[in-house]
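Encoded as structure tokens, the structure appears first; notes follow it.
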Amino acid sequence: MHGETALAADRRRQLRRKRSMAKWGMVGAMGVLALTGYLKRTRQARTLHAVAGVALLGLSYWHHTLYVNDPRPKD
């Protein structure tokens, strides 16, 4: 039984870490989007802006999937 508790605690810790990574990734992608939105419209800025937008979409989806079927009870 102690092993199951340790396993559950490890899973919760991993989930918290993944959620944090997804959030920080979204913050970074948003920062790049904002910065490249203000830059002159060079080819590199447009490309980086598009890549950051796609990254934000992917990270947002990943973040969403980390909260689906959350085992915590809802009050």
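The values are calculated or read from the model by the stated rules, or taken from the named source; none is laboratory data. Everything quoted here is computed from the prediction, not taken from an experiment. Using ideal geometry, Cβ is built from the backbone for each residue, glycine included, and neighbour counts are taken over all protein chains shown.
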Kindly provide the set of residues from segment 36-46 that are under 18 Å from L57 (Cβ atoms) and of a type outside the set (G, A, S), ordered by number. T36, R46
Taking segment 48-74, which residues are polar (S, T, N, Q) and either surrounded by 13 or more Cβ atoms within 10 Å (Cβ to Cβ) or modelled with pLDDT of 95 or more (or both)? S60
Does segment 17-39 contain any residue that is surrounded by fewer than 10 Cβ atoms within 10 Å (Cβ to Cβ) and not β-branched (V, I, T)? yes
